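The values are calculated or read from the model by the stated rules, or taken from the named source; none is laboratory data. Computed from a predicted model, the values in this text were never measured in an experiment. Ideal geometry is used to build each Cβ from the backbone, glycine not excepted, and the neighbour counts take in all protein chains shown. Surface areas here come from the heavy atoms of the whole protein model, side chains and all, with no ligands, DNA or RNA. Shrake-Rupley method; radii C 1.70, N 1.55, O 1.52, S 1.80 Å.
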Amino acid sequence: MLLRQIKYFQAVVEKGSFTEAAEACYISQSAISQQIQALEKEIGVQLFVRKSRKFTLTPAGEHFYNKTIMLSSELERICRETVRIAHKDDAQLNIGYLKCYGGDEFHSALADFTAKYPDVNVNVIEGNHEELYDELRFGKVDLVLNDQRRAFSDEYVNFELVRSNCYIELSTNNPMSKLSQLDISDLKNTPCILVASKGQEEVEQTYYRDIVGFSGDFLFADNLQKARMMVVSNRGVMPIEGVGDSDYFGSGIHRIPLYRNGKPLTRNYCAFWKEDNSGYYVEEFANMLKNRFLS
């Protein structure tokens, strides 16, 4: 009964009228007034100051309204999670993965998740930054691992994973591989290899030319493996999405930090999902991903 009374109370506040709130809740005005009075008696405080047909919230009433709005949101989330868990055979998590990302944190988190939730069907979609943004915007994925290229939006949960130095991968046969770091200006005559889907090549080139600062020619591969074959063949250098300078990617490639104007370039990696799509599996996978980055 208390939850229903709270719902009626919120309706009165939001509608600014007992009559309109009663209509919205499909009960009579006298019934909603009685329920509000019962609520005030239950919690032992006055929520409204009534003057003729008008009312104002008391300070206690304003506090109660703000807190119960948060409570209602949390209760709705719990109900959604409960339904998902009850129907675990139908549970599905759709994840967008940055196709040019060269670290193993995502794969490790995916292994952790599927081991803990073997009944959840996980669908992974690869894409470039803009492709993943569109997949998330149109509801085709629940969560994406992406780099931050835009200001954060209130429509999404912007779950920061790590801010990392940027790296460049180049062939061990390239004399520049012996350097401890490379500046963008050192690469002005060196082709830049990018991983990009068909239709996204111009978008990626524009970003790396105008925002990052590469000024040489651009070469493209549609997946990371092909791009690294081009690197091994010393056809150019590849700015790599990923954390750290580990050498798990092969002995023919060297990874070194990338600088611009003498300062390290950095990139912010995040898990993004729509604010209204928060749920148990989405948040659980995001936390597992965060733990992998921290470790």
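Listed values, structure above:
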read-out: Residue within the range 92-108 that is crowded, with 16+ Cβ neighbours inside 10 Å, touching a Lys or Arg at 6+ places or on another chain (Cβ under 7 Å) and of a type in the set (Ser, Thr, Tyr) present; value: yes
read-out: Subset of the range 109-157 (residues that are of a type in the set (Asp, Glu), part of a loop (DSSP other than H, G, I, E, B) and either in contact with a Gly (Cβ under 8 Å, 6 or more places away or on another chain) or surrounded by 13 or more Cβ atoms within 10 Å (Cβ to Cβ) (or both)); value: Asp142
read-out: Among (1) in contact with a strand residue (DSSP E or B) (Cβ under 8 Å, 6 or more places away or on another chain); (2) surrounded by fewer than 18 Cβ atoms within 10 Å (Cβ to Cβ), the one test that Val13 misses; value: (2)
read-out: Residue in the range 48-63 that is open to solvent by less than 70 Å² (accessible area, probe 1.4 Å), outside any helix (DSSP H, G or I) and among the aromatic types (Phe, Trp, Tyr) present; value: yes
read-out: Every residue from the range 13-47 that is closer than 20 Å to Lys67 by Cβ and part of a loop (DSSP other than H, G, I, E, B); value: Gly16, Gly44, Val45, Gln46, Leu47
read-out: His87 being open to solvent by 70 Å² or more (accessible area, probe 1.4 Å), at pLDDT 90 or above and more than 23 Å from the chain's Cα centre (by Cα); value: no
read-out: Test: residue in the range 144-157 that is touching a residue at least 40 places away in the same chain (Cβ under 8 Å) and among the basic types (Lys, Arg); value: yes
read-out: Neighbours by Cβ (under 8 Å, 6+ apart or cross-chain): first from the range 30-43, under 15 Å from Gly61 (Cβ atoms) and open to solvent by 70 Å² or more (accessible area, probe 1.4 Å); second part of a helix (DSSP H, G or I) and of a type in the set (S, T, N, Q); value: Glu42/Gln5
read-out: Pair list, Cβ under 7 Å, 6 or more apart: the range 174-203 residue more than 23 Å from Gln225 (Cβ to Cβ) and free of Cβ contacts under 8 Å to residues at least 60 places away in the same chain, other residue open to solvent by less than 30 Å² (accessible area, probe 1.4 Å) and not in a strand (DSSP E or B); value: Lys188/Gly216; Asn189/Gly216
read-out: Qualifying positions in the range 16-26 - in contact (Cβ under 8 Å) with a residue 12 or more places away in the chain and either over 41 Å from the mean Cα position of the chain (by Cα) or open to solvent by 40 Å² or more (accessible area, probe 1.4 Å) (or both); value: Ala24
read-out: Looking only at the range 113-125, and only at residues there that are farther than 16 Å from Arg292 by Cβ and free of Cβ contacts under 8 Å to residues at least 40 places away in the same chain, the one that is nearest to the chain's Cα centre (by Cα); value: Ile125
read-out: Qualifying residue in the range 275-294 (condition: closer than 18 Å to Leu170 by Cα and β-branched (Val, Ile, Thr)); value: no
